[in-house]
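Visitor: Please find one structure pasted underneath; my questions will follow.
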Amino acid sequence: MNRNTTIALNFIAVIFTISIGFFTAAQAQENATAPKLPEGMTGSTTDDPRSHLPSGLYDAGEASFGMKHLALLKKPAAFQLGTDDVNSARVKETLGSLGVSDPKMIPEAQRLVFAQLAFANSDMAFQGNHLFMGNFYGVNIYDVSNPAHAKLLTSMVCAGGQGDVSVYKNLMFMSVEMPNGRLDCGTQGFAPVPGATGGPAADKDRFRGVRIFDISDIQKPKQVGAVQTCRGSHTHTLVTDPKDKNNVYIYVSGTSFVRPGEELAGCSDGNPEKNQNISRFSIDVIKVPVAAPEKAAIIASPRIFGDEKTGKINALTNGGSHEGNGKPADTDQCHDITAYSEIGLAAGACSGNGILLDIKDPANPKRIEAVNDKNYAYWHSATFSNDGKKVVFTDEWGGGLGARCRATDPNVWGADAIFNLKDNKLDFVSYYKMPAAQGDSENCVAHNGSLIPVPGRDIKVQAWYQGGISIVDFTDPKKPFEIAYFDRGPVDPNILILGGSWSAYWYNGNIYSSEISRGLDILELTPSKYLSQNEIDAAKSVRVNELNVQNQQKIVFPKSMAVTKAYIDQLERAKTVSPERIASLREDVRKAENSKMNQVEIDRLFDVVSDLKSNSKTAKTDIGSAQ
């Protein structure tokens, strides 16, 4: 790769910053042939229905197991690039709004991908019958009261990427990181500086941080607050304080370049050994008065990567990774933080490390644990098990723009890492990676997901970009295994066109996926040898009014016949109770349903089955041995 190409790619990395992966992704696309599998490692299997699907945007081949695709709502026209011509005026205009003075600064093979990113779907949030889908170009709000016939309610153009969203009561929060973000939500960006090879010039109208909207009128969101930050907001986490109903807190994770002090007072960068006041090596904590969101402001920028004893702000490194030359690199950012206020902890996926934060005082998070992994290139996101005894971290090797699920890609790179959590210590147990090999034109790596509330089991639905959606059972952390999936063929058979599932989340009975290039996918679970109809019904019985996945809520299962029947199915599957006892329990259930037992009697039957479940060895759920 020549020097001019390297400069151009580094500049684009500054401008786009989806994570850390642009340079790596560009290398992967320039090198048409897949790399050799490292000695002693295993890659994904090509013997899978997902591995050879026909390509297409809306007519790609599909493969599924254990779930049914109900609907695809295509992206609104305003949220699409609308061309696949790399030399079109539309591509030039889009790149120009991002500060690229000459499209030729970007290698032609990557130009279209980067332009498409400006219209990519991103993360989601839920409230009542509404789904809020972030996009690098704004937000789309859907009515999902009837999931199979969901409809678009509101499209709000407000450029700036990534557009990650969260909701709380009448407020919606939105992350803005890219330098085309404007205070007025305009789409014109800022005029590129001719011949510029560094960051954009300072401008008083630029906005990078967290926007706050009043969504009392769901069809007319109104911006009521805008908190500027030095690195923008790549993602954010909404954190509630059980002791304080008047305020919420936003943990801001910025992964981009530091803006100049001329644009935002107090911002600076440099060598952390010489300047302890630089705007890296921290997160920002915003306090939002719920009744007066216009007064939202940063109240702290904790040095969660530092060492209190030595005073160093850059005390964490990745320990050396398979990426680059393997030398340890400083951790100066979090990509995502998942807060679990019920247990007073947050798990941070922070570039070179997975960390634990004590958030009992949400205004002052403190790091209490940090781990790294030689197989991890970029710690991306985290999910707790419902009981808080496990944490699943993800590795976004390649930044989401590279083909990283090929048969020649190790299945411990770009994967999930499952840790046991005990006494505030993380102990690595195993990896999980979506098992089906993908092609050279399919961006694929571990990405965002959420728990599915099946009682008695730890189950996670997860997005893998163009690797589709995979559902993993990690009840036994030593033996995680796939129980369901949905996938499409690549957008293009030869060129890596950005696409696939950014986030796949369970919400009140269905799975919703923000498909980067296509729109909103809606799916439902179907019974299989790995998941019974009773277990699905039990999961559907859990309802919430609001879901921000990075603000993890404890799942509380009702004492219901649905949960009772799910437990009986699990006892039978695990073979820890005799067939005669299973038959007797099912007869008790049948009688209970026919006689319309009162709640006291239902509770008694539930307790009997629950005790059997707790005293059995079903935790192993060794139904994956057939795979």
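The values are calculated or read from the model by the stated rules, or taken from the named source; none is laboratory data. This is a predicted model, so every value here is computed, not measured. Heads up, the Cβs are rebuilt from the backbone with ideal geometry, glycines too, and the neighbour counts pull from every protein chain shown.
Visitor: I'm trying to understand the selection: among the residues of region 204-220, which are more than 14 Å from residue 182 (Cα to Cα) and without any contact (Cβ under 8 Å) to a residue 24 or more places away in the chain?
Guide: The one that is more than 14 Å from residue 182 (Cα to Cα) and without any contact (Cβ under 8 Å) to a residue 24 or more places away in the chain: 217.
Visitor: So residue 133 passes all but one of these: (1) crowded, with 23+ Cβ neighbours inside 10 Å; (2) in contact (Cβ under 8 Å) with a residue 24 or more places away in the chain; (3) in contact with a Pro (Cβ under 8 Å, 6 or more places away or on another chain). Which condition number does it fail?
Guide: (3)
Visitor: Name the residues in region 378-420 that are under 21 Å from residue 355 (Cβ atoms), in contact with a Phe, Trp or Tyr (Cβ under 9 Å, 6 or more places away or on another chain) and among the basic types (Lys, Arg), would you?
Guide: 390, the sole residue that qualifies.
Visitor: Among residues belonging to region 290-326 that are touching a residue at least 60 places away in the same chain (Cβ under 8 Å) and among the β-branched types (Val, Ile, Thr), point out the one that is farthest from residue 170 (Cα to Cα).
Guide: Once the filter is applied, the top-ranked residue is 304.
Visitor: For region 400-412: of the residues being closer than 18 Å to residue 491 by Cβ and of a type outside the set (A, V, I, L, M), which is nearest to the chain's Cα centre (by Cα)?
Guide: 400
Visitor: Here's a follow-up. So which of 287, 309, 274, 245 is surrounded by fewer than 13 Cβ atoms within 10 Å (Cβ to Cβ) and in a strand (DSSP E or B)?
Guide: None of the others qualify; the one that does is 245.
Visitor: Then there is this: Just one of 577, 563, 549, 544 is surrounded by fewer than 16 Cβ atoms within 10 Å (Cβ to Cβ) and either under 25 Å from residue 120 (Cβ atoms) or among the hydrophobic types (A, V, I, L, M, F, W, C) (or both); which is it? Quick ask: steps written out before the conclusion?
Guide: On the way: 577 fails: surrounded by fewer than 16 Cβ atoms within 10 Å (Cβ to Cβ); 563 fails: surrounded by fewer than 16 Cβ atoms within 10 Å (Cβ to Cβ); 549 fails: surrounded by fewer than 16 Cβ atoms within 10 Å (Cβ to Cβ).
Unique residue meeting the criteria: 544.
Visitor: For a quick check of your reading of the model, give me the residue pairs whose first member lies in region 265-284 and is within 17 Å of residue 228 (Cβ to Cβ), whose second is among the aromatic types (Phe, Trp, Tyr), with beta-carbon atoms closer than 6 Å and at least 6 apart or on different chains.
Guide: 283/251
Visitor: So if I check each of 349, 363, which one is touching a Lys or Arg at 6+ places or on another chain (Cβ under 7 Å) and either more than 18 Å from residue 336 (Cβ to Cβ) or not in a loop (DSSP other than H, G, I, E, B) (or both)?
Guide: Only one candidate qualifies: 363.
Visitor: Being modelled with pLDDT of 95 or more, over 29 Å from residue 330 (Cβ atoms) and not aliphatic (A, V, I, L, M) narrows it down to one of 396, 442, so name that one.
Guide: Step by step, each of 396, 442 is checked, and only 442 is modelled with pLDDT of 95 or more, over 29 Å from residue 330 (Cβ atoms) and not aliphatic (A, V, I, L, M).
Visitor: Further question on the same structure: How many residues, within region 73-91, are part of a helix (DSSP H, G or I) and buried (at least 16 other Cβ atoms within 10 Å of the Cβ)?
Guide: The qualifying residues number 2.
Visitor: In addition: Any chance you could count how many residues in region 354-374 are within 15 Å of residue 397 (Cβ to Cβ) and crowded, with 18+ Cβ neighbours inside 10 Å? Break it down into steps so the answer makes sense when it comes.
Guide: Quick first cut of region 354-374, residues within 15 Å of residue 397 (Cβ to Cβ) only: 354, 372-374.
Now drop any that are not crowded, with 18+ Cβ neighbours inside 10 Å, which leaves 354, 372-373.
Number of matching residues: 3.
Visitor: Got at least one residue in region 101-120 being without any contact (Cβ under 8 Å) to a residue 24 or more places away in the chain, under 20 Å from residue 517 (Cα atoms) and in contact with a helix residue (DSSP H, G or I) (Cβ under 6 Å, 6 or more places away or on another chain)?
Guide: For region 101-120, residues without any contact (Cβ under 8 Å) to a residue 24 or more places away in the chain, under 20 Å from residue 517 (Cα atoms) and in contact with a helix residue (DSSP H, G or I) (Cβ under 6 Å, 6 or more places away or on another chain): absent.
Visitor: For a quick check of your reading of the model, give me the residue pairs whose first member lies in region 74-88 and is closer than 17 Å to residue 519 by Cα and at pLDDT 90 or above, whose second is β-branched (Val, Ile, Thr) and not in a loop (DSSP other than H, G, I, E, B), with beta-carbon atoms closer than 9 Å and at least 6 apart or on different chains.
Guide: 78/157; 79/157; 81/91; 81/94
Visitor: Shifting gears a bit: Any idea which of (1) outside any loop (DSSP other than H, G, I, E, B); (2) farther than 27 Å from residue 533 by Cβ; (3) of a type outside the set (A, V, I, L, M, F, W, C) is the one residue 442 doesn't satisfy?
Guide: Single failed check for residue 442: (1).
Visitor: Separate question: Looking at region 456-499, which of its residues are buried (at least 24 other Cβ atoms within 10 Å of the Cβ) and either touching a Cys at 6+ places or on another chain (Cβ under 7 Å) or among the polar types (S, T, N, Q) (or both)?
Guide: If the condition is that a residue be buried (at least 24 other Cβ atoms within 10 Å of the Cβ) and either touching a Cys at 6+ places or on another chain (Cβ under 7 Å) or among the polar types (S, T, N, Q) (or both), then 462, 464, 465, 466, 467, 470 are the ones that fit.
Visitor: Which of (1) at negative phi; (2) modelled with pLDDT of 85 or more is the odd one out, the single condition residue 595 does not satisfy?
Guide: Failed condition: (2).
Visitor: Among the listed residues 425, 433, which satisfies the condition of being out of contact with any Lys or Arg (no Cβ under 6 Å at 6 or more places or on another chain) and more than 28 Å from residue 248 (Cα to Cα)?
Guide: The match here is 433.
Visitor: I need the full set of residues from region 227-242 which are crowded, with 19+ Cβ neighbours inside 10 Å and either touching a strand residue (DSSP E or B) at 6+ places or on another chain (Cβ under 6 Å) or closer than 18 Å to residue 136 by Cα (or both), in order please. Show your work before the answer.
Guide: Taking region 227-242 first, the residues crowded, with 19+ Cβ neighbours inside 10 Å are 227-239.
Scanning region 227-242 gives 227, 228, 229, 231, 232, 233, 234, 235, 236, 237, 238, 239.
Visitor: Another one. As an exercise: evaluate residue 318 against (1) out of contact with any Ser or Thr (no Cβ under 6 Å at 6 or more places or on another chain); (2) surrounded by fewer than 18 Cβ atoms within 10 Å (Cβ to Cβ) and give the number of the one condition it does not meet.
Guide: Exception for residue 318: condition (2).
Visitor: Failed condition for residue 93, given (1) among the acidic types (Asp, Glu); (2) in contact with a Leu (Cβ under 8 Å, 6 or more places away or on another chain); (3) without any contact (Cβ under 8 Å) to a residue 12 or more places away in the chain, with all others met?
Guide: (2)
Visitor: For residues that are under 19 Å from residue 468 (Cβ atoms) and part of a helix (DSSP H, G or I), scanning just region 29-62, find the one that is modelled with the lowest pLDDT.
Guide: It comes out as 52.
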